Every structure is written in C-alpha cells, then in structure tokens.
1. Output the residues belonging to the range B:74-109 that are more than 14 Å from chain A (Cβ to nearest Cβ) and surrounded by 13 or more Cβ atoms within 10 Å (Cβ to Cβ).
2. Limited to the range A:167-186, what total is found for residues that are touching a residue at least 24 places away in the same chain (Cβ under 8 Å), within 12 Å of another protein chain (Cβ to nearest Cβ) and assigned to a loop (DSSP other than H, G, I, E, B)?
3. Restricting attention to the range B:180-223, which residues are more than 29 Å from B:Gly143 (Cα to Cα) and of a type in the set (Ser, Thr, Tyr)?
4. Criterion first (of a type in the set (Ser, Thr, Tyr) and surrounded by fewer than 20 Cβ atoms within 10 Å (Cβ to Cβ)) does B:Ser211 satisfy it?
5. Within the range B:44-100, track down each residue that is closer than 16 Å to B:Cys214 by Cα and in a loop (DSSP other than H, G, I, E, B).
6. With the structure loaded, tell me whether B:Phe67 is at pLDDT 85 or above, more than 30 Å from B:Leu205 (Cβ to Cβ) and of a type in the set (Phe, Trp, Tyr) or whether it fails that test.
7. For A:Pro51, work out the one condition from (1) modelled with pLDDT of 65 or more; (2) under 20 Å from A:Tyr128 (Cα atoms) it doesn't fulfil.
Amino acid sequence: MQPAQHGTDALVPAPSTGYRPRLALISAIAMALAACSSNISVPLKGQFPEPIVGALPLSMGILYQDELRTFRHEEPDSRLKVELGPPNVKLFDQIFSKMFEQAVPVTTQQPGPGFDAVVEPMIETFEYLEPAISGSEFYAVTIRYRISVYDPSGGVIASWSLVAYGKSRSRALNSGQSLGEATLRAMRDAAAILSTEFKDQKQVKAWLLARNTQ
Amino acid sequence: MSDPAVYSSAAVCRIAAITLCVSTLVAGCMTSRVEEIRQTATGITAGDAIVILTRRDHTEIEPEESFHGCIEKQLSRGQKPFDLRPQAEFVDYMFPWFEPRLAPATPDALPELLKQPGVAEKITASGVRYIVWVDGTTEVMDGGGSLSCTAGPTGAGCFGFTWWDKDSDYEASIWDLHNLESAGTISADVEGTSYMPAIVVPIPLIARTQSVACKGLARQIERFLVAGQ
C-alpha cells in the first residue's frame with residue numbers, strides 16, 4: 001500500500017513497520033469522523049411482497065397526490081434524510097392491485113363513470129425514536145397515514161387514520177440502515193393493516209353493504 | 001488513580017498474542033438449563049419442511065438476528081439436515097399473515113388463519129409442516145469493576161478488572177400445521193459471568209451464553225422432532 005499522499009503525511013513520521021498500526025488507526029478515525037459529518041440518506045430499497053387477500057369486486061381509482069409522491073422527512077438537527085414518497089407509492093401499487101379487481105391510477109377525486117370509488121392514501125406524519133433517546137436497543141418508527149375513499153363524484157365515503165409501527169435493532173456505525181429497516185417494517189405494517197382491514201372499516205363496510213358488495 | 005503501565009508497541013503485541021491464546025482456552029463461568037414440554041407426538045417425513053420464525057411483536061424483547069441465524073445453521077447441518085425454509089422468504093410468501101401485527105399468537109388462531117382466502121393453499125404448497133417460534137433475548141443483568149487504558153507516543157497499556165453477568169433466555173414453541181396444534185415447547189436458559197482483567201493488555205474471559213443457548217436449543221429441537229416419531 002502506498003503511503004497517504006495528502007493530509008496525514010504532515011502528521012505522521014516517515015513510514016516504518018512500527019508506525020503502520022498507528023497510521024491505520026489515524027486513517028480509520030479520520031474516515032469515521034468524515035462519515036459522522038455528512039448527511040445519511042436512509043435506504044428504503046427492496047421489493048414488497050404481494051398480499052394474500054381476496055380481491056373486492058370493485059373498480060377503484062388510485063389517487064396519489066404530489067404530497068405523497070414527494071414526501072420526505074428531514075429534521076434540521078439530524079443528519080438523516082428519509083425519502084418516503086416513491087417507496088410508499090410502490091407499496092400501495094402492490095397492495096391495491098391485489099385488494100381490488102381493478103385498480104387504475106387517476107389524477108382527480110372525481111374520475112367520473114367507470115369507477116366504483118377512488119382511494120387516496122396520504123402520509124400525515126413520520127416519527128422515529130433513536131436508541132440514544134429511548135434507552136432501548138431499537139430504532140422505532142411510527143408512520144401515520146390518512147386513507148380516504150371518495151365516490152366517483154368526489155363525495156367522501158370514508159376517511160380514517162392508520163398508524164403503522166416498525167422497529168429494528170440498532171447497528172453500530174450504521175444508523176441509516178437500522179432506521180431504513182424500521183421504516184420498511186412500518187410500511188409493511190401499514191400494508192398489513194390496510195389489506196386485511198379495509199373492508200371492515202366502519203364507513204367502508206356500510207358503503208359495501210349498501211352496494212351489496214362484500 | 002495511578003497511571004497504568006506503559007509498554008512499547010512490540011511488547012504490547014507479544015503480550016496480546018499470549019493473552020489471546022489464554023482467553024480462547026479459558027472462558028467465563030456458565031450455568032445452562034434446557035427444558036422440554038411435549039404435548040403431542042411429532043415426526044418428519046420426506047417433503048416436510050420447517051420454518052424458524054422469531055417473534056417480532058412490538059415489545060422490547062426480540063431475538064437477535066445472530067441467534068436466529070445460529071439456530072438455522074445448527075438445524076441445517078448434521079447427518080440428517082432438516083428442510084428449512086428461510087424466515088424472510090416464508091414471511092414474504094405468506095404476506096401479510098405473518099407480519100408482527102397479524103401473526104398468530106397461539107396455535108388456537110391457526111384454524112381462523114387458514115380460513116383466509118388463499119392461506120391454506122399457500123401453506124400446503126410451501127411444504128411447511130412445523131413452525132418453530134423463537135422468542136427471548138440475551139441481556140446484561142449486572143456488572144462491576146473498573147478498567148482504564150492509556151496511550152502515549154511510545155505505547156499503550158490497560159489496568160483494572162471488570163465483570164458482567166449475562167442471561168440468555170430463549171423459548172421455542174413448535175406448532176404442527178398438519179394437526180393445527182402445539183407440539184411442545186423447549187426453553188434454554190444460560191447464565192454466565194464474563195471477566196476482563198487487564199495488566200497491560202485486557203484479557204477477555206467471555207461467557208458465550210447466547211452461543212451455548214443456541215446450540216442447546218437447536219439440539220433439543222432436533223431431538224424433539226426426530227425422536228417423537
């Protein structure tokens with residue numbers, strides 16, 4: 001390995017066998033400090049599984065507002081940035097395609113005839129708790145969604161809050177990955193609740209009964 | 001407090017090598033207890049697969065990934081390795097029914113789960129006969145002592161003594177998906193004290209309670225499933 005060409009050259013005496021461990025230690029500390037001073041984008045990668053649920057015989061419009069598509073969580077006093085929009089759209093696409101016989105993207109709450117209703121998911125809040133604050137070994141994430149269902153003329157059929165939770169064990173020097181895992185678990189939790197409890201939500205149930213669709 | 005002894009890098013390396021040898025030969029003290037409660041006869045036939053699932057409810061106690069990996073590793077080797085389905089694959093395959101919020105908490109919930117559209121067919125197609133739910137964790141219970149280290153231009157050294165108690169307490173609940181009932185429960189509880197004396201170089205005498213609990217639990221799961229035929 002070549003000696004460092006800049007930075008550490010001025011601090012370290014001429015390389016010799018005895019100084020190599022110290023040079024390595026200084027380099028490691030410098031790299032760790034550099035990592036600490038930069039922002040960390042929380043990775044939210046991976047495929048979401050298809051839910052095993054019976055599809056409701058409905059033709060649903062799926063509406064994603066720009067607030068959802070571009071939702072990002074960034075705290076001024078934190079180095080962590082969480083891009084929640086795109087992975088949530090991917091998640092909802094996956095579950096809605098299995099929850100309804102037809103799930104068609106729409107751009108308005110009044111798509112007109114041809115649709116039984118429109119469903120619109122939104123993220124209201126994203127909160128996380130770090131182990132340093134909670135005193136536990138886990139990163140904990142809570143995502144509060146709002147799910148709204150409209151009739152084809154834009155009238156509200158149902159609107160309710162869905163609170164999803166995920167946690168992941170803290171990893172040394174990799175807080176971004178731990179927070180990313182906790183966030184993905186919270187999103188999976190949301191998918192689990194929505195895909196299994198949608199038709200049992202009080203107002204939706206009444207609407208389905210009125211339509212004779214169960 | 002007096003300054004710890006300071007030695008040259010070469011001397012520290014020599015002492016470190018010796019202490020590494022000593023610490024690999026000497027470990028902390030441990031007590032181990034593995035218990036089994038059998039409720040029904042078990043048996044494994046060709047085509048019967050097993051999945052090891054960790055309980056991930058929304059509490060502070062959750063088995064470590066390393067523990068789950070250790071159990072899977074132990075059960076997938078040997079003369080007659082089990083046909084194991086990876087946890088992540090199975091949970092995705094059965095999504096969302098084995099997510100923390102929806103996963104059945106007791107075998108009594110299995111009939112209701114199998115009534116859900118498509119669930120029974122998917123379980124049959126997976127070939128999974130037994131679900132082994134692993135719960136528990138390893139915790140540091142107590143500790144004490146003090147150890148200080150110092151480093152200078154000519155070397156480094158440590159002096160002191162610390163100790164800590166660890167408790168690895170795990171339980172495996174084995175569910176038979178053919179009969180939709182609990183086949184039994186196995187628990188492993190390993191307590192141990194680790195020591196770290198330091199005279200120039202720290203000598204870790206680690207009680208590997210989690211590893212012992214894993215091996216004890218895996219061995220007993222294997223016997224439980226095979227010997228119950």
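1. If the condition is that a residue be more than 14 Å from chain A (Cβ to nearest Cβ) and surrounded by 13 or more Cβ atoms within 10 Å (Cβ to Cβ), then B:Gln74, B:Leu75, B:Ser76, B:Phe82, B:Asp83, B:Leu84, B:Arg85, B:Pro107 are the ones that fit.
2. Residues flagged as touching a residue at least 24 places away in the same chain (Cβ under 8 Å), within 12 Å of another protein chain (Cβ to nearest Cβ) and assigned to a loop (DSSP other than H, G, I, E, B) within the range A:167-186 amount to 1.
3. Answer for the range B:180-223, where residues must be more than 29 Å from B:Gly143 (Cα to Cα) and of a type in the set (Ser, Thr, Tyr): B:Ser182, B:Thr185.
4. Considered against the rule, which asks whether it is of a type in the set (Ser, Thr, Tyr) and surrounded by fewer than 20 Cβ atoms within 10 Å (Cβ to Cβ), B:Ser211 comes out as yes.
5. The answer is B:Arg55, B:Glu62, B:Pro63, B:Glu64, B:Ser76, B:Arg77, B:Gly78.
6. When the stated conditions are applied, B:Phe67 does not pass them.
7. (2)
Residue-wise test of (1) out of contact with any Lys or Arg (no Cβ under 8 Å at 6 or more places or on another chain); (2) within 14 Å of another protein chain (Cβ to nearest Cβ); (3) not hydrophobic (A, V, I, L, M, F, W, C).
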site: A:Pro51; (1), (2), (3): no, yes, yes
site: A:Gly61; (1), (2), (3): yes, no, yes
site: A:Glu67; (1), (2), (3): yes, no, yes
site: A:Phe71; (1), (2), (3): yes, no, no
site: A:Glu74; (1), (2), (3): no, no, yes
site: A:Arg79; (1), (2), (3): yes, no, yes
site: A:Glu83; (1), (2), (3): no, no, yes
site: A:Lys90; (1), (2), (3): yes, no, yes
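The values are calculated or read from the model by the stated rules, or taken from the named source; none is laboratory data. For clarity, every value in this text was computed on a predicted model and none was experimentally measured. Cβ coordinates were reconstructed from backbone atoms using ideal geometry, including for glycine residues, and neighbour counts include every protein chain displayed.
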